[in-house]
Amino acid sequence: MKLKTLTALAATTALVAPMAMAADMADEMTIVSWGGAYSASQKNAYHDPYSANTGVKIINDESSAEAVAKLRAMNEAGNVTWDVVDVVAADAMRLCDEGLAMEIDPDTQLAAAPDGTSAADDFGDLLVSECFIPQIVYSTTFGYRTDMVGDTPPESVCAIFDLDAYPGKRSLQKRPIDNVEWALYCDGVAKEDIYDTLSTPEGVDQALAKLDTIKDNVVWWTAGAETPQLLADGEVVMGSTYNGRLFSAIAEQNQPIGMLWDMQSFDLDGWIIPAGLSEERKARALDYIMFATDTQRLADQAKYISYGPARKSSAPLVGKHAELGIDMAPHMPTDPANAGNVHIYDYEWWADNRDDLDAKFQAWLAK
Amino acid sequence: MSDTTQTGPVLAADGTPLKRSLARALRMQKIRALMLIAPLLLFVLLTFILPIADMLFRSVENSIVPDNLPRTVVALQDWDANSGEIPDEAVFTALAADLKIAAEAKIHTRIGSRLNYEKPGISSLFRKAGRRVKKWDIEADGPFTEQFIKIGKGWGDPEVWRTIKTYSGTYTNGYFLNAADMQKGPDGAEWRPENEQIYFTLFKRTMFMSLVITVSCIVLAYPVAWILANLPARTANLLMILVLLPFWTSLLVRTSAWKVMLQQQGVINEVLVWLGLVADDSRLQLINNQTGTIIAMTHILLPFMILPMYSVMQTINPTYLRAAKSLGATNWTAFWWVYIPQSVPGIGAGSILVFILSIGYYITPELVGGTKGVFISNRIAFHISTSLNWGLAAALGTILLAVVLLLYWAYDKIVGIDNVKLG
């Protein structure tokens, strides 16, 4: 074991050293991300130190939401202008399937952990696609108005289906993913049977029937900022969104919102490098990725936003919020206190069934 | 016609027949005019017509399957899709050979994605098979049937093979069928199951709501345009700014403002509750439904109705109304029989503008439409940017374009397109 990691480390450094020294790397790069607080955290943790080290000019593009479609269009036009793109894992899989993203070898192209653990082991199961370099673990989970739930704040995700105890509107994302899983879970399906059940037409009907019970009380959102706004306005009593959005509403804007971590849906966000870059740009992109996804950098990002670093070795390094000075660990979706009961999203299953289920979901919505 | 003149054709000064000389002069003029607009024509052709044509062409294009699975497609020709059995070993060998090449070019997953639109599950069958097939020796490692089924049970499902066979042509009508809530079944086109039908509903809704928005724009814009046209120029110009100011404001800002106004804890509901007109626990649902879309879009599109109406009304001579009245018409008669007919070209132009703009509207319905107030364009956007099913998006877009052209033609027949004036 020891020997193996040592050789891996030696191999890594041997390969990295000449690459970092090579002069034929592009001195400008375009990095695509989500914008807002998330891009700011990346700028602080990755872009600024990388530019300071190398003198490379980094151009930010905030197009991650349409990254897949745009990359496909760029690829067809034969002019890919992006060097590194931040996407969610499901999109990374799709880009990989479409041949639009480059395959990455974690052992040679990613940095090993400080203790010598190889990148492949350090990221572990989170390397869900050959093209994907995980960066953070985030979750889609629920926030509720603390002043609108009385003395019994919700403790289970099934509170969203309980109109008697928690009357009022709820906001849910306008897509089947997560919602159908929560519906089945709250309809009594065991967690491990959820995807087997969803694979049958009856299972899909069962999930939609459960959602039907609250359909008239749901506000459907498409942008992550909507739920915090709806909660702040008192339009909804509870709603799902990304945990980082709720953190900033609670900790940075002091809204009367509580977190409901039960059955939070884990998801990954990370980098891909577009296929078909010129050698110089590819070398630059790989060099950036090697730097930006090492143990320390991933831990640094958590100072600015409450998303969990994707490396196991980064977790102990997570410190305090850069401005508020509060401990970040308890706000991470991966914190043991929060991760008691989580929902693990099945990428492969959704890649196969997304289109089919989406058609049914949209038809149900339009009814 | 039967008049055969004694003299020959009329000659121009240089002796050529006048007719030919005139034609040449006209032709020169036409060419010169064409040269003048050539830059614009080329620009529109290159940046607008061609890309749209290319995009619409995707609605029938299916070459990815026959181009990358050539042997399989040929081998499948002899297989009877309705036999209920999987194809024989020859087909599996052909697939292995095709997939090996495709996997080396990393294109196998794209074929999988394409076929997955038609049958869920195929995507991962191709992804998994591609990984293995790369290591196979096609000559030596057969037979392949069992090996494929071991990789993914789906390869033993005749339905999967039927899908591949059905979508093996260079062109397909599958996207259009899908856009019309239909699918290719064993016996040709058939309706999709009821819980997947959505597009017909959306087309109907888009038409209906665009019509409602157009009508409410006419109702609101007509008096405004009338006042503007009949006030002294100074006051009219001042009021005109009030019409144009929202027109110059960002669309997103206006839509978000409507959110603040219309939501249940929003301005309108708060005022109604304060006045006691609405009980606190039964606030009006004004947003995230059709009402929200209609209110917000009527407001946003109103200037497109006011401006053409105003410019037409300005040209209506007020003496006509006075003449009608002096001949004994009441105010109403004069207005209805003299003023309205003259303002119809403005109504027509405004209606066409508003209707066609609203049919293709996307961002406002997305933000305030909830589930019942979204348009077909929202689905097109979804298929372009999220599901990546560009073929289906193109088919929906083609249908929308055809419907608009059809309506335009009908409008021309009923009202007459000559009867439209922008000023």
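The values are calculated or read from the model by the stated rules, or taken from the named source; none is laboratory data. Just so you know, these numbers come straight off a predicted model, no measurement behind them. As a convention, Cβ positions derive from the backbone with ideal geometry for all residues, glycine included, and neighbour counts pool all protein chains shown. These accessible areas exclude ligands, DNA and RNA; they are computed on the full protein's heavy atoms, side chains included. Shrake-Rupley method; radii C 1.70, N 1.55, O 1.52, S 1.80 Å.
Computed quantities for the displayed model
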| read-out | value |
| --- | --- |
| Contact surface B-A: accessible area buried, both sides summed, square angstrom, 1.4 angstrom probe | 3400 Å² |
| Taking chain A and dividing mean pair separation by its residue count, relative contact order in percent (alpha carbons under 8 Å, at least six apart) | 25 percent |
| Cβ-placed point charges (K, R +1; D, E -1), dipole of the stretch A:212-339 about Cα centre in debye, nearest 20 | 480 debye |
| Under-5 Å amide H pairs with residue B:197, H placed in peptide plane, nonlocal only | none |
| Residue B:215 paired with residue A:337, simple spin-label distance in nm, labels 7 Å along Cα-to-beta-carbon | 5.9 nm |
| P(r) weight above 53 Å for the protein assembly as shown, C-alpha pairs, percent | 24 percent |
| Cα-based helix-to-principal-axis angle, A:347-366 vs chain A, degrees rounded to 10 | 40 degrees |
| Amide H partners (placed H, <5 Å) of residue B:182, local residues excluded | B:192 |
| Gap separating the Cα centres of the stretch B:108-166 and the stretch A:207-275, nearest whole Å | 38 Å |
| Estimated dipole of chain B in Debye, rounded to 20 [Cβ of Lys and Arg +1, of Asp and Glu -1, Cα centre] | 1560 debye |
| Choice from B:374, B:312, B:271 with maximal GNM fluctuation in chain B (Cα, 10 Å cutoff) | B:271 |
| Most fluctuating residue given options B:202, B:262, B:244, as computed from a GNM of chain B linking Cα atoms under 10 Å | B:244 |
| Positive-pole candidate from A:305, B:362, A:110, dipole of the protein assembly as shown, charges at beta carbon | B:362 |
| Chain B: radius of gyration and largest Cα-Cα distance (Dmax), Å | 31.5, 103 |
| Efficiency of FRET between residue B:12 and residue B:284 - r from beta-carbon atoms, R0 56 angstrom, step 0.05 | 0.10 |
| Rg/Rh for the stretch B:199-419, where both radii come from Cα atoms and Rh is the Kirkwood radius | 1.04 |
| Residue-wise HN-Hα coupling along the stretch B:279-293, computed from phi with Karplus coefficients 6.51, -1.76, 1.60 (Hz; x: Gly, Pro) | 6, 4, 8, 10, 5, 6, 8, 9, 9, 6, 8, 5, 4, x, 4 |
| For the stretch B:404-423 and the stretch A:21-78, distance of Cα centres in Å | 49 Å |
| Sites residue A:199 and residue B:344 - FRET efficiency at Förster radius 56 Å, r taken between beta-carbons, to 0.05 | 0.40 |
| Most mobile listed residue (B:305, B:35, B:297) in chain B, GNM with C-alpha springs under 10 Å | B:35 |
| FRET efficiency, 1/(1 + (r/R0)^6) with R0 51 Å, evaluated for residue B:139 and residue A:51 via beta carbons | 0.40 |
| Above-threshold pairs, the threshold being 19 Å between Cα atoms, out of B:100/B:135; A:367/B:259; A:282/B:134; A:215/A:367 | A:367/B:259; A:282/B:134 |
| Rounded to 5, the percent of DSSP beta bridges in chain A classed as antiparallel | 60 percent |
| Derived scalar couplings ³J(HN,Hα) [the stretch B:129-143; Karplus, 6.51 cos²θ - 1.76 cosθ + 1.60; whole Hz; x for Gly, Pro] | 5, x, 4, 6, 4, 3, 8, 7, 9, 4, 5, 9, 8, x, x |
| Full-stretch length increase - residue B:329, residue B:27 - with 0.36 nm per residue and alpha-carbon distance subtracted | 103.4 nm |
| Estimated [θ] at 222 nm from DSSP helical runs (n ≥ 4, -39500 (n - 2.57)) normalised by residues in the protein assembly as shown, nearest 500 | -16000 deg cm²/dmol |
| DSSP beta bridge pairing in the protein assembly as shown, given as percent antiparallel to the nearest 5 | 65 percent |
| Net length gained if the chain between residue B:412 and residue B:187 were fully extended (0.36 nm per residue, minus Cα distance) | 77.0 nm |
| Karplus 3J(HN,Hα) series, Hz, for the stretch A:189-203 with 6.51 cos²θ - 1.76 cosθ + 1.60 (x for Gly, Pro) | 7, 5, 4, 6, 9, 4, 6, 5, 5, 5, 6, 9, x, 5, x |
| Stokes-Einstein D (µm²/s) once Rh is taken as the Kirkwood radius of the stretch B:64-172 over alpha-carbon pairs, at 10 °C in 1.306 mPa s | 118 µm²/s |
| Tilt relative to chain B, helix B:89-104 - C-alpha long axis, 0 to 90 degrees, to 10 | 60 degrees |
| Rg/Rg_ref, chain A, where Rg_ref = 2.2 N^0.38 Å and atoms are Cα | 1.03 |
| Positive-pole candidate from B:207, B:292, B:389, dipole of the stretch B:199-419, charges at beta carbon | B:207 |
